[in-house]
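The structure under discussion appears below in the form of structure tokens.
The values are calculated or read from the model by the stated rules, or taken from the named source; none is laboratory data. No experiment lies behind these values; they were computed from the predicted model shown. Because the Cβ atoms are built from the backbone with ideal geometry, glycine has one as well, and the counts that use them run over all protein chains shown. In case anyone asks, the SASA skips ligands and DNA or RNA and just uses the protein heavy atoms, side chains included. Shrake-Rupley method; radii C 1.70, N 1.55, O 1.52, S 1.80 Å.
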Amino acid sequence: DVKVTQSSRYLVKRTGEKVFLECVQDMDHENMFWYRQDPGLGLRLIYFSYDVKMKEKGDIPEGYSVSREKKERFSLILESASTNQTSMYLCASSYRGGRSYEQYFGPGTRLTVT
Amino acid sequence: KQEVTQIPAALSVPEGENLVLNCSFTDSAIYNLQWFRQDPGKGLTSLLLIQSSQREQTSGRLNASLDKSSGRSTLYIAASQPGDSATYLCAVRPAQAGTALIFGKGTTLSVSS
């Protein structure tokens, strides 16, 4: 079974803190994604990566950065957390080759910034 | 810009009913469409993936159809059970290399016993 794991299920941080969210997949997938999910807004793409050290901005990259030093690991970094970054963060991964790929999601990290 | 809409936003049915969830998208240039299930506070579980060249996919009591030319997909759930209660999301993969999924906002289903 494909497994995508996220470092924390719940996280509480203070405004201004630097926050690291970690995602690991065990299927040798090239693509990895970070989304955030908010009520009424649905899932929105923050960043994605199609290879080690490669990254592309999604729809809402402001206030975030990412790091992909190893194929299996994709980190989302909040440089200076703000209350409007309180959200559910979801990581996903998939194969890159061909047209047909299925995205697999992790369990999510519920981040609260106070 | 591709937009995905799911109607209705919420649905309540008694156990045993057959039901249909709807998904529409504005641009027919897609590679595939994926249906997900999300339980409260949890991640997404993939249910079915339909390629752009396919008309439908089945898994157990679930059947998903795709009409790419009209920009529509339906998820049919047969003989609903309380355990089917969850939010169902559809997402399309645009026909552009390197792009991620575009999601609808979901239909929240409640099945009462």
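Worth a mention:
- Tabulated pairs, the stretch B:17-42, first more than 18 Å from A:SER94 (Cβ to Cβ) and at pLDDT 95 or above, second assigned to a loop (DSSP other than H, G, I, E, B) and open to solvent by less than 10 Å² (accessible area, probe 1.4 Å), C-beta under 6 angstrom, 6+ apart or interchain: B:GLU17/B:SER80; B:LEU19/B:SER80; B:CYS23/B:GLY104; B:SER24/B:GLY71; B:PHE25/B:GLY71
- Taken residue by residue, the stretch B:51-66 has at least one member that is free of Cβ contacts under 8 Å to residues at least 60 places away in the same chain, open to solvent by less than 50 Å² (accessible area, probe 1.4 Å) and within 12 Å of another protein chain (Cβ to nearest Cβ).
- Criterion (within 30 Å of A:ARG110 (Cα to Cα), within 14 Å of chain A (Cβ to nearest Cβ) and touching a Leu at 6+ places or on another chain (Cβ under 7 Å)) met by exactly one of B:THR87, B:THR107: B:THR107
- Positions within the stretch B:66-113 being of a type in the set (Val, Ile, Thr) and under 13 Å from B:LEU19 (Cβ atoms), in sequence order: B:THR74, B:ILE77, B:THR107, B:THR108, B:VAL111
- Among the candidates A:MET54, A:MET27, the residue that is farther than 28 Å from B:THR87 by Cα, aliphatic (A, V, I, L, M) and within 14 Å of another protein chain (Cβ to nearest Cβ) is uniquely A:MET54.
- Qualifying residues in the stretch B:67-84 (those that are out of contact with any strand residue (DSSP E or B) (no Cβ under 7 Å at 6 or more places or on another chain) and of a type in the set (S, T, N, Q)) - the one farthest from the other protein chains (Cβ to nearest Cβ): B:SER70
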